[in-house]
Structures are given as C-alpha cells and as structure tokens.
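Shown next, in structure tokens, is the structure this report addresses.
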C-alpha cells in the first residue's frame, strides 16, 4: 500500500481532489484542484496495477467510483470502485474503469474545480493522462476524524518503548496476554463540562497561566490549538522514573510536553498521531505504559477479561463511542514524548 498524488494532463495540470469542504461523505464529487496541503488530494493505493481501489486519504472507506455512466465520485467498495492503471509512460497512466473497460477517468479542462468524469478512450485527450506520484503526505485519516502524519510532529523526543508483560491467568479464570499490537487504542469519556481531568486543568493553568484550550471536533474528538489530541497515557510515558509504589501526581503528568503515538500500517509505513496529555491511565501498574488492570500504587488485578487484552497505551479523550473503527488496521510501534 502506498500514498499518492494524481495530477492531470501528465502532471502539467491540477491534482485529483475530493470536493469536500468538511467531513468526507459518500457520493462526494471528484474534481481537479490546485495543489494544497490537503488530505483530499492524497490517495491510498495498494498497487499501480489492475483491479485495485483508489481510496481517499480523507477517509479510506471511500474511493473513486462510477456514480453514473459518466460522473466520478467517491463511494464505499462496490463493483464500480475497481480501477486498472494503464501505463502510458514512466509515471504516467490512464485510469480505466474495471466494470466498464471502455471508460477512462477524464477531465475536459485544466481549470480549478473541473469535474472528473468517465469517458471513452481518446488518445488525443491529454485530460485522460495522469501523473501518479508517491508522496510523504502531511497526513492521512485513519478514520473520518483522526489526522495521522507521515513524519514526526516534534523534535528531540524521548522514545517510549512498549514493555513486555508476562501472560498470566487471573482469578477470574481469564488468561491475560497483552500481546495484540493492533489493539493499542481506546477512548475515554469526557469529564463532564470540564472535558479533561480537572487536575490537568489546574496544573496546566498553574504552569501556563491560563486554562487549556479544548477544541471539540465534529466527531466529538478533543484537540488543543495546535491540533494535538487530548489523550490519557500511563505515568511512565511522561515520567519514566515513576515508581510502582507511588501515586500519580498532576505535577509529573501535565504541562510537561506533547507526544506522538507511532503506529504502522500493513505495508510497514509509520504514522505519527500528535497528542497532549489530559488524563493519566492509572491502571498500568507496574510498567506504567500499557493497560494491565493493576492500579497505582501497589496495584491489584481488576477483572476485565478481554476488554483491553492488548497493548492499550493511548486513550483519546472525547465523545468517541463507535468512532474508533479502522484504528485496528494499525499496530503500535512506540510513543515519542517531547518535553518542553
């Protein structure tokens, strides 16, 4: 799987673009637009071959589709979302519709906003030739709301490795393994009108002189003014010297810096999810990073069976019930903490 830009007129035109100004939805039209730092112009493609789907990086559930006999939009996987890349020359392709091989992706002009359509082959039409190039995109969307960057969002960070936890059989009879690297995430409900941990608010204000800004996204996600997601993490992510016999304190957890949660897709590409700490995961005793149902200080096992039987190391704070679909396609690699 790779991440690409698709540019019309053999690369001399404008970029293939999903014409969405907000959250991407099915049946959104596709056009060409001036190059921008915009995930609507980034496409996720497994290979530049035959019978492949061209997915929008805004939301990989949606992909190039034949809405009608001629119009091109994005839609969920169906018979009309499969494309053949027909090579013209190095890096230049025609995009042929698999369900109707007489149809090719076409734009009739090089004007910003020109609608893409499916039309019969015209070897003299430069609007049927597309430059397909790999990109180190600014970000993609793992879901309809989550921004995942292809490079670190900070500098001079400290790497937080995922600890090894021995499997054991709990008093509830359930065997706890903590080995599923694709189960690295969860969400935490807001703290009422405070939204994040009230102790975090108090500590941040004490350090910065003002209350933290908590922006609420359309999907219920919480971010700070820099686009970092408010998260809960274990104490040893922020303070590697935290002891298992010590309670977690606000002064060691909050207003200390920011982090990247580093995940990997099935093709081995790394992505960086920017976060800022708004709560502490107290049930990570004694490794202080992943969910183990043992709480600080001197934790005891709490029965939860398979609810977090993975490497759950990060919780997004917000009204995100049912909004984490797709995150299991990525495995956790590490967390990077950038101290201020």
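The values are calculated or read from the model by the stated rules, or taken from the named source; none is laboratory data. Model, not experiment: these values are computed from the prediction. Here the Cβ positions follow ideal geometry from the backbone for every residue, glycine too, while neighbour counts run over all protein chains shown.
Scan region 216-235 for residues that are over 21 Å from residue 290 (Cα atoms) and surrounded by 23 or more Cβ atoms within 10 Å (Cβ to Cβ) and report the count. Matching residues across region 216-235 total 1.
Scan region 68-95 for residues that are within 27 Å of the chain's Cα centre (by Cα) and in a loop (DSSP other than H, G, I, E, B) and the total you get is 3. Filter region 161-196 for residues that are closer than 23 Å to residue 222 by Cα and within 20 Å of the chain's Cα centre (by Cα) and give the result. Matches in region 161-196: 182, 183, 184, 185, 186, 187, 188, 189. Scanning region 55-72 for residues that are more than 20 Å from residue 329 (Cα to Cα) and either surrounded by fewer than 20 Cβ atoms within 10 Å (Cβ to Cβ) or in the same structural domain as residue 325 (by TED's automatic domain parsing) (or both) yields 67, 68, 69, 70, 71. Residues in region 1-19 that are surrounded by 16 or more Cβ atoms within 10 Å (Cβ to Cβ), in a strand (DSSP E or B) and in contact (Cβ under 8 Å) with a residue 60 or more places away in the chain: 3, 4, 5, 6, 7, 8, 16. With respect to (1) surrounded by 14 or more Cβ atoms within 10 Å (Cβ to Cβ); (2) farther than 27 Å from residue 320 by Cα; (3) out of contact with any strand residue (DSSP E or B) (no Cβ under 8 Å at 6 or more places or on another chain), the lone exception for residue 170 is condition (3). Can you name the residue in region 329-339 that is more than 13 Å from residue 277 (Cα to Cα) and not in a helix (DSSP H, G or I) and is also nearest to the chain's Cα centre (by Cα) among such residues? Ranking the qualifying residues of region 329-339, first place goes to 330. The number of residues in region 96-107 that are in a loop (DSSP other than H, G, I, E, B) and in contact with a helix residue (DSSP H, G or I) (Cβ under 6 Å, 6 or more places away or on another chain) comes to 2. Put simply, of 200, 206, 232, 246 the only residue that is in a strand (DSSP E or B) and either assigned by TED's automatic domain parsing to the domain that holds residue 162 or at pLDDT 95 or above (or both) is 232. Summed over region 20-47, residues that are buried (at least 17 other Cβ atoms within 10 Å of the Cβ), part of a loop (DSSP other than H, G, I, E, B) and in contact with a strand residue (DSSP E or B) (Cβ under 8 Å, 6 or more places away or on another chain) total 4. Number of residues in region 236-251 that are under 12 Å from residue 280 (Cβ atoms) and surrounded by 15 or more Cβ atoms within 10 Å (Cβ to Cβ): the value is 7.
Residue 269 falls short on exactly one of the conditions (1) modelled with pLDDT under 90; (2) at positive phi, and that condition is (2).
Scanning region 73-91 for residues that are closer than 19 Å to residue 31 by Cα and loosely packed, with under 15 Cβ neighbours inside 10 Å yields a count of 1.
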